Amino acid sequence: MAKYLLLKHYRGAPAPVNDVPMDQWTPDEISAHMQYMRDFADRLEKTGEFVDGQALAPEGTWVRYDGEGRPPVTDGPFAETKDLIAGWMVIDVDSHERAVELAGELSAAPGAGGKPIHEWLELRPFYGVSPTVTE
Amino acid sequence: MTSVMDEARLRSLTPNVLAVLVRRGADFAAAEDAVQEALVEAVRVWPITPPRDPRGWLITVAWRKFLDETRADTARRRREHLVDHEPGPGPATSRDDTLQLYFLCAHPSLTPSSAVALTLRAVGGLTTRQIARAYLVPEATMAQRISRAKRTVSGVRFDQPGDVATVLRVLYLVFNEGYSGDIDLAAEAIRLTRQLAAAIDHPEVAGLLALMLLHHARRATRTAPDGSLVPLAEQDRGRWDTASIAEGVAILQAALARDRLGEFQAQAAIAALHADAPTAEETDWVQIVEWYDELLRLTDSPVVRLNRAVAVGQADGPRAGLAALAELDGTLPRHTAVAAYLHERDGDLATAARLYAEAARKASSLAERDHLTRQAARLNARGRG
């Protein structure tokens, strides 16, 4: 089994095919989208491949150490940040092919007009554990 | 231990059993561990051999667990002394003991999250795993939080008088966490507040219990089957829990009659006025504004001012609401969402749609974000149509 991170972006991913902001959809289209996401996660739980899923608020802060005895420096949020993560799902699957298949399914979530968004998702493998038996 | 009801009854014995051990001389942290072990054993053993005296059984087993734990050489002398002086299980002043435990677990030296965790375990009798699941953190993290909390209060004398207000804040936090995982924190908060109300006669304890019952009564209608939020005005009032509302109102009225108004009683009064309205249109907004004024006198919080602006918008029209809103700090959470709502009621749909979309980006929960996005979508669709 191998773990993969499926990353969804508010910004920074290549433009999807069905590129209409959500507040321009109809309320029913939004509901259908949410339902699709929920069903997807439920299905993965049933197949034993779901690990975790979380969504992130868009507004974050940059923080760094500023030297002994000084409070940390904070900056942002930057409106121009190119890469803005919206959320993730961690899956535990048998193969890279299966991970790609699932990411493709998630990307087919319906958007405006009830048509798939074809949203670009980022698929990142976790580093695995070193095998105990090597020879 | 086959039903949830049985488990709740078992857990209701927790504070009393724990207090007996502490009174016998066990230190709080060790006694708390021993009671947890006894609870786990009860869950295992009682379905097969139900005890005649559940409380006595728990005390005996917890005490034995405690003695087993202190078997180490360094502790032997102390243990032998304790065994020599072991009192019978006899009647304890359980009301006072329960109250002392609430005070200890909500001690001001604890951070809010520590106080919450310790209260749920030591007073509520939940296991560390259950608490960890409810708060979506790893069990090891929650175990550390609880043991640190126990260390923090280890020097506090058990019979020290405490502050009811700190206890109420902890219970309020638990209630607001709502429902996640297999533990219903809202129901647990109600159970613990009910138990507290039985241990101390205090109008604010009653006020908080009433507030919880009145909000809990609406819970089933607060989310649609698809998980989306349903605002108060659109909830199916026929599905509100009338028994819970009646109980909340009765408790509130008795508390208000004592003429020692506090923040929770005022909040409960507002919840009662909502519960009382057969339809959203029949809500007595004028009286709700008066209660918000009362609440502001008790606690001048920006959140109360924001909610008051909503009520003013209903009582005196959206323009009045917007005027009240204009006096508040625009960076307050939900400020933009309230502005969107008031602009919509004022007929300015374009501004409302823009503000709903902006509010969605600032939302603090996914359900709220989706709800606000849907509001923006609804108005945008109307604009196109």
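Bear in mind that the values in this text are calculations on the coordinates, not laboratory data. In this text the structure is predicted, and so the values were computed from the model without any measurement. Don't worry about glycine lacking a Cβ; one is built from the backbone with ideal geometry, like all the others, and counts go over all protein chains shown.
Figure legend. Inter-residue proximity from the range B:335-358: first residues free of Cβ contacts under 8 Å to residues at least 40 places away in the same chain and in a helix (DSSP H, G or I), second residues among the hydrophobic types (A, V, I, L, M, F, W, C) and surrounded by fewer than 18 Cβ atoms within 10 Å (Cβ to Cβ), beta-carbon distance below 7 Å, spacing 6+ or different chains. Indicated pairs: B:HIS335/B:LEU328.
Have a look at B:GLU263, B:GLU234 and point out the one that is farther than 24 Å from B:ARG191 by Cβ and of a type in the set (Asp, Glu). None of the others qualify; the one that does is B:GLU234. For the condition assigned to a helix (DSSP H, G or I) and farther than 30 Å from B:SER244 by Cβ, B:ALA315 does not qualify. Total residues in the range B:366-379 satisfying the condition of being out of contact with any helix residue (DSSP H, G or I) (no Cβ under 9 Å at 6 or more places or on another chain) and either within 9 Å of chain A (Cβ to nearest Cβ) or of a type in the set (Val, Ile, Thr) (or both): the figure is 1. The single condition among (1) under 11 Å from A:LEU6 (Cβ atoms); (2) touching a residue at least 24 places away in the same chain (Cβ under 8 Å) that A:VAL100 does not satisfy is (2).
With respect to (1) surrounded by fewer than 16 Cβ atoms within 10 Å (Cβ to Cβ); (2) of a type in the set (A, V, I, L, M); (3) free of Cβ contacts under 8 Å to residues at least 24 places away in the same chain, the lone exception for A:MET1 is condition (3). For B:ASP370, the criteria (1) under 21 Å from B:LEU232 (Cβ atoms); (2) surrounded by fewer than 16 Cβ atoms within 10 Å (Cβ to Cβ) hold in every case but one, which is (2).
Residues that are in contact with a Lys or Arg (Cβ under 6 Å, 6 or more places away or on another chain) and surrounded by fewer than 20 Cβ atoms within 10 Å (Cβ to Cβ) within the range B:120-159 comprise just one, B:GLU139. Note on the range B:318-334: residues that are in a loop (DSSP other than H, G, I, E, B) and not aliphatic (A, V, I, L, M) total 6. Inside the range B:231-255, residues that are in contact with a helix residue (DSSP H, G or I) (Cβ under 6 Å, 6 or more places away or on another chain) and either surrounded by 16 or more Cβ atoms within 10 Å (Cβ to Cβ) or not charged (D, E, K, R) (or both) make up a count of 10. Among the conditions (1) within 14 Å of chain A (Cβ to nearest Cβ); (2) in a helix (DSSP H, G or I), B:ALA250 misses just one, which is (1). Between B:ALA186, B:ALA210, B:ALA220, B:ALA206, the distinction of being within 11 Å of the chain's Cα centre (by Cα) and either surrounded by 22 or more Cβ atoms within 10 Å (Cβ to Cβ) or over 26 Å from B:ASP259 (Cα atoms) (or both) belongs to B:ALA186 only.
Rundown of residues vs (1) within 14 Å of another protein chain (Cβ to nearest Cβ); (2) more than 16 Å from the chain's Cα centre (by Cα); (3) in a helix (DSSP H, G or I), yes/no style:
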| position | (1), (2), (3) |
| --- | --- |
| A:TYR4 | no, no, no |
| A:TYR10 | yes, no, no |
| A:ALA15 | no, no, no |
| A:ASP28 | yes, yes, yes |
| A:SER31 | yes, yes, yes |
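Where residues in the range B:283-303 are in contact with an Asp or Glu (Cβ under 9 Å, 6 or more places away or on another chain) and either of a type in the set (A, V, I, L, M) or part of a helix (DSSP H, G or I) (or both), which of them is surrounded by the most Cβ atoms within 10 Å (Cβ to Cβ)? Here the answer is B:LEU295. Whenever a residue of the range B:279-296 is at positive phi and without any contact (Cβ under 8 Å) to a residue 24 or more places away in the chain, it has no partner that is surrounded by 15 or more Cβ atoms within 10 Å (Cβ to Cβ) and among the hydrophobic types (A, V, I, L, M, F, W, C) lying with C-beta atoms less than 9 angstrom away and at least six residues away or across chains.
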